[in-house]
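Enquirer: Quick one: structure below, then a few questions.
The values are calculated or read from the model by the stated rules, or taken from the named source; none is laboratory data. Being a predicted model, the structure only gives us computed values, none of them experimental. In this analysis, Cβ positions are derived from the backbone assuming ideal geometry, glycine residues included, and neighbour counts consider all displayed protein chains. All accessible areas refer to the heavy atoms of the entire protein, side chains included, with ligands and DNA or RNA removed. Shrake-Rupley method; radii C 1.70, N 1.55, O 1.52, S 1.80 Å.
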Amino acid sequence: MAGAAMNVKKLLIVCTGNSCRSVMAEGYFKKRIKELGKDISVTSAGIAALYGMTPPREAISVMN
C-alpha cells in the first residue's frame, strides 16, 4: 500500500508483560490521539502478562 492513506481505527501495542513499555506507550498514544482530535481506540497487551498485574511505581511516575 505504498503511498496509500490508511484509515486506522484501532491500535494494539504489545510487549512481554504489559506492565511498563506497552502500558506507557498506550498512555502516550491515547494522549496524543486526543490532542489531535482523532477517533482511534488504543489498547495494550502482553504475550506473558499476568491478569490484574499493575504497572510498577516507576512507570507510573515517569508517565505522570
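Condition check ((1) under 16 Å from the mean Cα position of the chain (by Cα); (2) of a type outside the set (Val, Ile, Thr); (3) open to solvent by 60 Å² or more (accessible area, probe 1.4 Å); (4) over 10 Å from Ile13 (Cβ atoms)) across all residues:
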residue	(1), (2), (3), (4)
Glu26	yes, yes, no, no
Lys34	yes, yes, yes, yes
Lys38	yes, yes, yes, yes
Val42	yes, no, no, no
Leu50	no, yes, yes, yes
Thr54	yes, no, yes, yes
Asn64	yes, yes, yes, yes
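Enquirer: Let me ask something additional. Could you please find all residues in the stretch 5-24 being among the hydrophobic types (A, V, I, L, M, F, W, C), open to solvent by 100 Å² or more (accessible area, probe 1.4 Å) and outside any loop (DSSP other than H, G, I, E, B)?
Expert: The answer is Leu12, and nothing else.
Enquirer: Are any residues in the stretch 32-57 under 22 Å from Gly17 (Cα atoms) and either polar (S, T, N, Q) or assigned to a helix (DSSP H, G or I) (or both), and if so, which ones? If you could, list the steps in order and put the result at the bottom.
Expert: From the stretch 32-57, those under 22 Å from Gly17 (Cα atoms) are 41-57; that's our starting set.
Listed by number, the residues that qualify are Ser41, Thr43, Ser44, Thr54, Arg57.
Enquirer: Right, next: Starting from the stretch 22-42, keep only residues that are closer than 19 Å to Val62 by Cα, then list their pairs with residues that are in a helix (DSSP H, G or I) whose Cβ atoms are within a distance under 8 Å, requiring at least 6 positions of separation or different chains.
Expert: Val23/Ala59; Met24/Ala59; Met24/Val62; Met24/Met63; Gly27/Met63; Tyr28/Met63
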